[in-house]
Structure formats: C-alpha cells, structure tokens
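K.L.:
Sharing a structure, written as structure tokens. Questions coming.
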Amino acid sequence: LDHMSLYQLTIEPGTGFHSRARRGDILTADDSLAADMYAETNRLMRAAGLPAYEISNHARPGSECRHNMIYWQAEDWIGIGPGAHGRISNGTNRTGTATRRSPAGWLDAVDADGHGVETLIEDGPGDAVAERLMMGLRLSDGIDIPALESAYGERSKLIDMAAYDQLVAAGLLTADPDRLCVTEDGRLLLNRVIGALLAGQD
C-alpha cells in the first residue's frame, strides 16, 4: 500500500447520514475528539511509512497523487466533458470554467457554440492569491514564497505580515523565509490561519 486518502466524514443536511445523526443512530465526533483522531491518524500513518503530504492524504515518498497536486498547487487544468471544471491562469488573474452537467445538454451546446462551457468565473489577483493559500497550505511542503512573489508581488502586499508573525509565534506556521507552511497544530486551525493571513489584504 503506497497511498491513503483519509477524510473526516462531513455530514451534510438533507442526507441520510444527517437524519440518522439527528436521531442519534450514528455517533459523530466533537471538535476535540476529531482533533485527537486526526493526530492519531497522522501518527499511525507516519509509523507505517506513509507520512501526510497533504492535510488528508498520506503516501510513501514518490507515491503522491500527481493529479490532485495540480489542484493543491493551484496549477492550470482544462475541464472537458459534461460537468467538468477547469482553472486557467491569465497573468495574475484566473478563470474558472464549468461545463453543462447533462450529457445531452453538453452535446447540444458543443454543436451550437463549439463548447459546453456554462459558467465562467473571472478571479483577479487577490482571489488568485487566496486560492493559492487555501490550496497550498493544505500541503506539508506548503507554498514556495519566491514563486508566489514572482507571480503576484512582494509578500507584504499578499499576506498580513503582522498576522504571519503572530502565527509563527503561536506555533501555527513555520518560520522558514522561503516556504509558507502550517505546522501540525496549524493544520487543525487551517481556516483560521488562512483567514488571518488574508485579513485586510486587497
């Protein structure tokens, strides 16, 4: 076994799991237990030779999922076919695409328009940086800061440096000047870490 994806079950409203959880038919973990289970999962995976390379994915070195790394590193991909999504960079902007979900509708659109794209979302540089942080900080290796600065400008204009210093002092981010990485404790608070880094940024 070279790779494992291990996600905490998210119980969504309107699902059978949600109804069963509300009735008490299935047990759900509170935040404290979920954090303990996450830490134990990471410990067991490391001991088995499959360290976490992404917040929910573990692999032997060299067996990381190349397909998903494209998403986590905010690289470009083209979505073709019914229901496909794509992300394309254009300088410091990014365009998101979504095609029609229905195969028949997608074919009709291709015949009529030459493509099946139904939705285009244009993101400016601020949204593109936010996407890079949201996706890249999921990775154990984090984000290459010189590459981020080369694409979008000086780090002090991209992230809140006061928040960065506080997060490093709190042990939630590493102090590496060339990589922006959350610590194991930081992974448990990833949404807060990202929110703090982006607070007040254009």
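The values are calculated or read from the model by the stated rules, or taken from the named source; none is laboratory data. The shown structure was predicted, so the numbers you read here are calculated from the model rather than taken from an experiment. We place every Cβ from the backbone using ideal geometry, glycine too, and count neighbours over all the protein chains shown.
K.L.:
Among the residues of region 17-26, is any within 26 Å of residue 183 (Cα to Cα), of a type outside the set (Asp, Glu) and modelled with pLDDT of 90 or more? Don't jump to the end; show me each part of the working.
P.N.:
If we filter region 17-26 for residues that are within 26 Å of residue 183 (Cα to Cα), which is where we start, we get none.
No, because not a single residue in region 17-26 is within 26 Å of residue 183 (Cα to Cα), of a type outside the set (Asp, Glu) and modelled with pLDDT of 90 or more.
K.L.:
When you look at residue 127, is it assigned to a loop (DSSP other than H, G, I, E, B), touching a residue at least 24 places away in the same chain (Cβ under 8 Å) and of a type in the set (D, E, K, R), yes or no?
P.N.:
no
K.L.:
Quick one: in region 117-129, of everything that is within 18 Å of the chain's Cα centre (by Cα) and surrounded by 17 or more Cβ atoms within 10 Å (Cβ to Cβ), which residue is farthest from residue 90 (Cα to Cα)?
P.N.:
129
K.L.:
While we're looking at this one, here's another question. Can you find a residue in region 84-104 that is assigned to a helix (DSSP H, G or I) and of a type outside the set (Lys, Arg)?
P.N.:
Filtering region 84-104 for residues assigned to a helix (DSSP H, G or I) gives 103-104.
Subset that is of a type outside the set (Lys, Arg): 103-104.
Looking for residues that are assigned to a helix (DSSP H, G or I) and of a type outside the set (Lys, Arg), one finds at least one in region 84-104, hence yes.
K.L.:
Next question, about the same structure. Answer yes or no as to whether residue 9 is over 25 Å from residue 141 (Cβ atoms), under 17 Å from the mean Cα position of the chain (by Cα) and outside any helix (DSSP H, G or I). Quick ask: steps written out before the conclusion?
P.N.:
On the way: over 25 Å from residue 141 (Cβ atoms): yes; under 17 Å from the mean Cα position of the chain (by Cα): yes; outside any helix (DSSP H, G or I): yes.
In short, yes.
K.L.:
Can you find a residue in region 163-174 that is charged (D, E, K, R) and modelled with pLDDT of 95 or more? Steps first, please.
P.N.:
Let us first name the residues in region 163-174 that are charged (D, E, K, R), namely 165.
With modelled with pLDDT of 95 or more added as a condition, the list becomes 165.
Within region 163-174, one or more residues are charged (D, E, K, R) and modelled with pLDDT of 95 or more.
K.L.:
It is to be established whether one or more residues within region 147-164 are under 30 Å from residue 61 (Cβ atoms), touching a strand residue (DSSP E or B) at 6+ places or on another chain (Cβ under 8 Å) and not hydroxyl-bearing (Ser, Thr, Tyr).
P.N.:
Yes, some residue in region 147-164 is under 30 Å from residue 61 (Cβ atoms), touching a strand residue (DSSP E or B) at 6+ places or on another chain (Cβ under 8 Å) and not hydroxyl-bearing (Ser, Thr, Tyr).
K.L.:
Now for a different question. I need every pair where a residue in region 19-42 that is within 15 Å of residue 55 (Cα to Cα) has its Cβ under 7 Å from the Cβ of a residue that is surrounded by fewer than 10 Cβ atoms within 10 Å (Cβ to Cβ), sequence separation at least 6 or different chains.
P.N.:
Listed pairs, sorted by first residue: none to list.
K.L.:
Being over 23 Å from the mean Cα position of the chain (by Cα) and either within 22 Å of residue 61 (Cβ to Cβ) or not assigned by TED's automatic domain parsing to the domain that holds residue 189 (or both) is the requirement here; does residue 15 meet it?
P.N.:
Criteria met by residue 15.
K.L.:
Quick one: is residue 75 in a loop (DSSP other than H, G, I, E, B), among the acidic types (Asp, Glu) and under 30 Å from residue 125 (Cα atoms)? If you could, list the steps in order and put the result at the bottom.
P.N.:
Details: in a loop (DSSP other than H, G, I, E, B): yes; among the acidic types (Asp, Glu): yes; under 30 Å from residue 125 (Cα atoms): yes.
Against the criterion (in a loop (DSSP other than H, G, I, E, B), among the acidic types (Asp, Glu) and under 30 Å from residue 125 (Cα atoms)), residue 75 qualifies.
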